[in-house]
Each structure stands twice: as C-alpha cells, then as structure tokens.
Amino acid sequence: MAFNLKQVLKALLFSSSRPLSLKEIQEVFARFHEQGELFSERGSAAPLAAATGAGSPSDAGVASAPAGEGGEGGAPVADDAELYRDVPALVTTAQIREALDEIARELAAADDVYLLAEAAQGFRLVTQPKFARWIRILRDEPLPVKLSPSAMETLAVVAYRQPVTRAEIEHIRGVS
C-alpha cells in the first residue's frame with residue numbers, strides 16, 4: 001500500500017490528544033522529509049531503510065509501530081515500508097483540507113462512532129453525541145445540569161450587558 005494521505009491524517013487525528021491545525025499537520029510532513037535527510041546523512045539508504053528496520057537500531061524508532069504491533073519490539077513489518085514511499089515533498093493545506101472533508105463525509109455517511117470536528121484550534125476526532133451516555137457511564141460522570149429559563153435569561157443579560165450589577169439585571173428582567 002503506497003502513501004495514502006487520508007489514512008495518515010486519520011492516524012494523526014486518532015493519536016493526538018488535542019486538536020490539530022492545518023499548519024501542524026503540514027509541519028508533520030516537513031519533519032518527515034527532514035528526518036529522511038538526516039537518515040541519508042547518517043549513511044542509511046533512506047528513511048525507507050529505517051522503516052524496514054534496515055538502518056541502525058536508533059533509526060528504527062522513527063517509524064516504529066506501537067508495542068504489540070508490527071514485528072519484534074514494535075519494529076515495523078517490511079510491508080509497512082510502503083506507507084513511507086512516495087510521500088510528496090509538499091502537501092498543501094488545500095490537499096489536507098480536502099482529505100479532511102472527505103474523511104468527515106465518510107464518517108458521517110457510515111454512521112460511525114466517530115465524527116471529525118473542526119474547532120478554532122483545529123481538527124479532532126470526537127465521539128458522536130448519541131454515545132454520550134455510554135461515555136458518562138464509563139467515566140462515572142453525572143448527567144449534565146440543565147439551566148432553568150430564568151437562569152438562561154440572566155446569562156443572556158450578563159452576556160450582552162457586561163459589566164452589569166445584580167440590580168441592573170433584575171431591572172432588565174422585570175423582577176425584584
């Protein structure tokens with residue numbers, strides 16, 4: 001299997017504990033190529049040699065799989081080397097966004113457990129809201145508290161009229 005941008009993006013998003021911006025994702029590809037140059041300077045045939053385990057033991061850690069996957073000690077299997085072939089030197093933000101949009105459509109169409117959410121900080125894989133109850137049970141969290149209409153009214157006044165005193169809030173709401 002040759003380089004697949006969508007699969008790489010899915011792996012990055014799944015393994016990240018925080019949202020990833022387009023710039024951070026682009027930097028991953030830049031670092032991949034920088035490391036490839038480092039491997040070449042050390043005398044290794046290419047980053048591909050490290051990925052297949054042909055380089056020195058210290059080189060193999062760059063492309064190693066998590067423990068329990070791949071070969072002995074988490075080293076990648078020879079088939080994994082294909083993932084590191086033909087990686088473009090420049091992956092544009094437009095290409096990344098297009099691939100992320102396609103991933104989001106695929107996850108939504110498959111009615112999968114995960115959704116791809118975009119926030120101000122970047123992109124992140126999230127659990128669908130319909131599974132929130134299961135997640136709350138797992139984490140032993142209480143049910144969310146709903147605000148009363150009067151509390152919502154008070155919050156709206158505070159949001160629009162900051163800074164505001166209690167007397168002003170009561171006057172605006174027409175209560176005492």
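The values are calculated or read from the model by the stated rules, or taken from the named source; none is laboratory data. Keep in mind it's a predicted model, so treat the numbers as computed, not measured. Ideal geometry is used to build each Cβ from the backbone, glycine not excepted, and the neighbour counts take in all protein chains shown. Quick note on the areas: whole protein, heavy atoms, side chains included, nothing else; ligands and nucleic acids left out. Shrake-Rupley method; radii C 1.70, N 1.55, O 1.52, S 1.80 Å.
Odds and ends about this structure:
- Rolling a 1.4 Å probe over the protein heavy atoms leaves V145 with an accessible area of roughly 130 Å².
- All C-alpha to C-alpha distances of the stretch 106-162, sorted into 10 Å bins beginning at zero, yield P(r) values of 18, 27, 33, 21, 2 percent in whole numbers.
- Other residues with beta-carbon under 12 Å from the beta-carbon of S21 carry, at +1 per Lys or Arg and -1 per Asp or Glu, a net charge of +1.
- Exposure of S16 as accessible area (Å², to 10), given a probe of 1.4 Å and all protein chains: 30
- Set of lysines near K23 by C-alpha distance (under 27 Å), chain-local residues within fewer than 8 positions excluded: K6, K10
- The accessible-area ordering, largest first, of the residues H171, H33 stands as H171, H33, per a 1.4 angstrom probe.
- Distance distribution note for the stretch 72-154: the fraction of Cα pairs above 15 angstrom is 76%.
- In the stretch 83-123, trypsin sites (Lys or Arg not before Pro) in a DSSP loop with at most 15 other beta-carbon atoms within 10 Å: R85
- Ranked by solvent-accessible area (1.4 Å probe, protein heavy atoms only, all chains present), the residues K10, K130, K23 order from largest to smallest as K23, K130, K10.
- For R85, residues with placed amide H under 5 Å, excluding near neighbours: F3
- Kirkwood Rh and Cα Rg combined as Rg/Rh, the stretch 86-133: 1.08
- Under 15 Å, Cβ to Cβ, from L155 - net charge with Lys/Arg +1 and Asp/Glu -1: +1
- The largest accessible area among L125, L90 belongs to the first residue in L90, L125, and the rest follow in falling order (1.4 Å probe, all chains).
- Residues in the stretch 135-143 carry Karplus couplings, in order, of 5, 4, 5, 4, 8, 6, 9, x, 5 Hz; the curve used is 6.51 cos²θ - 1.76 cosθ + 1.60 with θ = phi - 60°, and Gly or Pro positions show x.
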